Amino acid sequence: MSIKIKDIFSLDISTGEIRVKGNMDFETQNTYEIQVEAIDKGHAPLVGHSKVLVEVLDVNDNVPELAVTSLSLPVPEDAPPGTVVALISVSDRDSGDNGKVTCSIPPDLPFQLVSTFKNYHSLVLAEAVDRERVSEYKILVTARDEGAPSLSASSSILVPIADVNDNAPAFPQPVYTVFVKENNRPGAHLLSVSASDPDVRENAFVSYSVVERSVGEQQPVSSYISVHSESGHIYGLQPFDYEELQVLQFQVSARDAGFPSLCGNVTVQLFVLD
């Protein structure tokens, strides 16, 4: 036997019994050829030769290997179903069922795994996502072989959801009502309005303006009041006269800085007191 063979197998010179004495690894070498010779004890000894072939059977001793080879992040919240998020490769050094690997992710997620070709899977968007509801997903991908007992490996993929401008600024109430005594001081603060936008960054930056219209004898509403664009504070620009104007109704617009921008309106009813 060669030195390598002698490291793995032993041969009883008396009985011819071959035993395993070293470690065998199917993934390194799955067959061995042992040359055996038998010599008699005659005055002129004769020699016989034989060849023993040893086939190593695989056992499930290798955990599946899982790697994320490509990521397309973040995912816009308006991305259509079918958008590829990540490419995942799996492998297992075992053979047969021990080397067959299946991938899975937890249920109740807006994602699914699609087998693209051997040992590769795509993580794709299965349904619409909303950043304002869930801003990121932590997806645990599990690779499990079909050995008995089976072995598995897992890897986490963090999928952030990118904001798009899909929410218009909204006021907490449809109508604001304020009472102002006539002969008010010009420039006096009358009331403040405020709108919120659940988007982020410029998509949530809100500016205010008055919706222009005519009052009375073709006087623009902007000649009576002004709205601070950043704070939403509303000021009276001139003294009100109860005998000329009892009710001033106008609308204030809140517009975000997204592209395209979205806006929401609210009605303000200003009652002049005598």
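The values are calculated or read from the model by the stated rules, or taken from the named source; none is laboratory data. As the structure is a prediction and not an experimental result, all values here were calculated from the model. Every residue, glycine among them, receives a Cβ derived from its backbone with ideal geometry; neighbour counts consider all protein chains shown. Heavy atoms of the whole protein, side chains included, go into the accessibility calculation; ligands, DNA and RNA do not. Shrake-Rupley method; radii C 1.70, N 1.55, O 1.52, S 1.80 Å.
Comparing Asn98, Asn183, Asn62 in a Gaussian network model of the chain (Cα springs below 10 Å), the most mobile by mean-square fluctuation is Asn183. Taking every C-alpha pair closer than 8 Å and separated by at least 6 residues, the mean separation divided by the residue count of the chain gives a relative contact order of 14 percent.
Once the Cα-Cα distance is subtracted from the 0.36 nm per residue extended length, the Ala170 to Ser115 segment shows a gain of 15.5 nm. Once both labels are positioned 7 Å from their Cα atoms along Cα-to-Cβ, the gap between Arg93 and Asp108 label points is 3.8 nm.
Ordered by 1.4 Å accessible area with all protein chains kept, Asp97, Asp274, Asp58 run largest first as Asp274, Asp97, Asp58. Restricting the trypsin sites (Lys or Arg not before Pro) of the stretch 174-274 to loop positions (DSSP other than H, G, I, E, B) with no more than 15 neighbouring Cβ atoms within 10 Å leaves Arg213. Pairs of lysines in the chain whose Cα atoms sit within less than 21 Å of one another amount to 6, provided the residues are eight or more positions apart or on different chains. In the stretch 215-271, Cα pairs under 8 Å separated by at least six residues give a relative contact order of 25 percent.
Mind telling me which of Leu245, Leu53, Leu113 comes out most flexible in a GNM of the chain, alpha-carbon contacts under 10 Å? With Cα springs under 10 Å in the chain, the top fluctuation among Leu245, Leu53, Leu113 is at Leu53.
Projecting label points 7 angstrom from Cα along Cα→Cβ for Ala38 and Val59 puts them 3.2 nm apart. Considering only Gly22, Gly258, Gly147, the Gaussian network model of the chain with Cα springs below 10 Å gives its largest mean-square fluctuation to Gly22.
Within the full protein context, the accessible area of Glu136 is estimated at about 100 Å² for a probe radius of 1.4 Å. Modelled this way, with points 7 Å down the Cα-to-C-beta line, the labels at Lys100 and Val215 are 8.0 nm from one another.
For the pair Asn184 and Ser231 in one chain, pulling the backbone fully straight at 0.36 nm per residue adds 14.8 nm over the alpha carbon distance. Taking Phe111, Phe117 and ordering them by how much accessible surface each has at a 1.4 Å probe, largest first, produces Phe117, Phe111. Under 5 Å between amide hydrogens, built in the peptide plane, is the criterion, and for Leu191 it picks out Ile234 among residues at least 5 positions away or on other chains.
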